[in-house]
Every structure is written in structure tokens, then in C-alpha cells.
1. Filter the stretch 172-201 down to the residues that are in a loop (DSSP other than H, G, I, E, B) and in contact with a strand residue (DSSP E or B) (Cβ under 9 Å, 6 or more places away or on another chain), then identify the one that is nearest to ligand 2 (Cβ to nearest atom).
2. Can you name every residue in the stretch 28-43 that is in contact with a helix residue (DSSP H, G or I) (Cβ under 8 Å, 6 or more places away or on another chain) and either assigned to a helix (DSSP H, G or I) or within 16 Å of ligand 1 (Cβ to nearest atom) (or both)?
3. Need at least 3 residues that are of a type in the set (A, V, I, L, M, F, W, C) per element, so show me which helices (runs of 4 or more DSSP H) inside the stretch 44-161 make the cut, counting only ones lying wholly within it.
4. Just to be sure I understand the filter: pairs with C-beta atoms under 6 Å, separated by 6 or more residues or on different chains, first member in the stretch 160-185 and within 18 Å of residue 9 (Cα to Cα) and in contact (Cβ under 8 Å) with a residue 60 or more places away in the chain, second member part of a helix (DSSP H, G or I) and within 16 Å of ligand 1 (Cβ to nearest atom). Which pairs pass?
5. May I ask you to say which residue of 83, 88, 97 is under 20 Å from residue 68 (Cβ atoms) and touching a Ser or Thr at 6+ places or on another chain (Cβ under 7 Å)?
6. Those residues that are more than 16 Å from ligand 2 (Cβ to nearest atom) and either touching a residue at least 60 places away in the same chain (Cβ under 8 Å) or among the β-branched types (Val, Ile, Thr) (or both), I need them from the stretch 53-77; list them, please.
7. Check 175, 164, 130 and return the single one that is within 16 Å of the chain's Cα centre (by Cα), away from ligand 1 (no atom under 14 Å from the Cβ) and surrounded by fewer than 18 Cβ atoms within 10 Å (Cβ to Cβ).
8. Which residue is surrounded by the most Cβ atoms within 10 Å (Cβ to Cβ), if the candidates are limited to the stretch 133-160 and must be of a type in the set (Ser, Thr, Tyr) and under 27 Å from residue 238 (Cβ atoms)?
Amino acid sequence: VLGSGSKGNATLVTTPHLHLLIDAGLPPDELERRMDGTGASWKSLDAILLTHTHSDHVRKKCLAYCAANDVQFICHKRHAHSLSGRYLTKVEEAGLLRTYVEDEVIELKPAAATPKGAYAHTPLRIRPVALPHDADPTFGFHIDVHLKPSEEHPQSDERRLRLAYVADCGTANDALMKTLSDVDLLALEFNHDEEMELNSGRPDFLIERVLSDEGHLSNAQAAEVLSHVLKHNGNGGPKFLIQLHLSEECNTERLAYSAAQDVVKATSAQTKIFSSRQHQRGTIHVL
Ligand SMILES: [Zn+2]
Ligand SMILES: [Zn+2]
């Protein structure tokens, strides 16, 4: 996670052949700095995948960087409509705008020139899942990575990895929880502690917004999602849980961690819990 929270969000997913950024809610040069050391950069990115159009998830200037660096910009049709303007036009003119539809798998293929190495070129399969949030429409993503041995390296292990990214979600329904239950890595919003939110002294409308079914997941709500995932995950639970979008005013890493840890402890899962940060890049997790 390159950054997460109400001041900007971006998460990098890399495979042997693809570099994908989920959201681009930080200035482009800041993104470049935070990608330094990950093996990815604006030059190497294949695509940016957008969850929703709130300004902490997309900076219009990043669209200009997409056009200049041959990076696909993948969003819902209605996102494209609300982002329309000269920067999106540049992306469109470069043939880099791609739109997705709820629940329809997006296949992201490696560029033909990408060296194969140990694994054959296989597309990332990304399924957008609608989330209740007050930027309609908002999506989470279930990402399926299938690594197959290349002809040159038939001895490589065939691997199937799944991850999910869910942030900016007012409430979690059964369908969403079911979608998340097979993942190896779950990146999930733990936005606020409800008590801290209620006593924050913020304007009433803001508190109501955050707590509403179209706002953000509290630690307790996210813990419930995690509990469901652990119960239904056949592989003993995800290897990693990454906590996203922690409120700087109404949450602490300790509270979010203990809400998740209590759930993990109650099972035999070995899920490791990590917090994402607003102002610095998080740990690189290798699956
Ligand atoms: Zn947000
Ligand atoms: Zn939002």
C-alpha cells in the first residue's frame, strides 16, 4: 500500500509480468517516490484501476501521466463521465481508457514485449464488486493471479493466488463477504472506532456520513467481515490482512489491530495483520 486514508490512496499489485495500481489518489511525483524500490514506476505501470471518483482516490494529474507513460486507465463508465475533461481526453485519445462493468471480469494482459521468465504470460482476472458508498458507483476488486510455467521453465510451480481490495464501504453484505472468502491476501477498510467517531467533535453531518451505510467500515464492522472470511476460507484464512483507510482522527493502529487480532485469535488461522499508513509506503507482502 503506497498510501491509504482520507488524504490519498494508492496500492501497487505486481506479478512477474504486470504492474497494476489500484487508485491514484496521490500526486504523480509522490506516487513515483513511493514506488521507488518496488520495481515499479510510472514507466513500468500497465494500468491504473479505479475504485471511485472521490478526490482521495484519483488525482486528475495522474490521468495526464497515464497518457504520457502508456498506462491504461480502467474505470466504470460513470467514473469516466464524472472525470471527463482535458486530462481524460488525453487518455482517451491515446487509446488507454478502458471501462468495466459490475461483476464482469476484466482481463489485464501483459504487454507482448514483456520477457516471460519462469512463468508464461497469463492475464490478471479482476472482478469489480459494487460497494455501498456515497460516491456512486464504488467498487472493490477480487483479483485472481494464475501463474503457469513457461515453455522455457517447465519445472516452475503452477500457482493460483487471489487477493481482494475493499475500501470505502459503508456496510458489508453477504454477497461481498462470500466474494472475499477465498483470498490469500485481504486488504480491507478499518476506518474508525465508532466511539471515537461519536466523540470526535466533528460536525454532525460528517459523523452521520461516516457511520451511515454509505460511509466507511468501522473496526467492529470490518472485524465481522474478517470473521466471516476466516470461517469460510478453505485454506486456513488469508495469509495477510492489510488494514486500509484508517481515520487519523477517529482510529488508532492499536485499536484497529486488536479488533482484527481478537477475531484471528478465536480461530486457528495464521493471518498476519498489517496496517497501512497515510504518509508512507507500507511493507511489501510477497505471496
Ligand atoms: Zn476514501
Ligand atoms: Zn470515498
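Read-outs throughout are calculated quantities, based only on the coordinates presented, and are distinct from any laboratory measurement. Owing to the predicted nature of the structure, the values given are computational and were not obtained by experimental measurement. Here Cβ is always computed from backbone atoms with ideal geometry, including for glycine, and neighbour counts include all displayed protein chains.
1. Out of the qualifying residues, it is 191.
2. Correct list: 28, 31.
3. Per the criteria, 60-69.
4. none
5. So the residue among 83, 88, 97 that is under 20 Å from residue 68 (Cβ atoms) and touching a Ser or Thr at 6+ places or on another chain (Cβ under 7 Å) is 83.
6. Matches in the stretch 53-77: 71, 74.
7. 130
8. Once the filter is applied, the top-ranked residue is 138.
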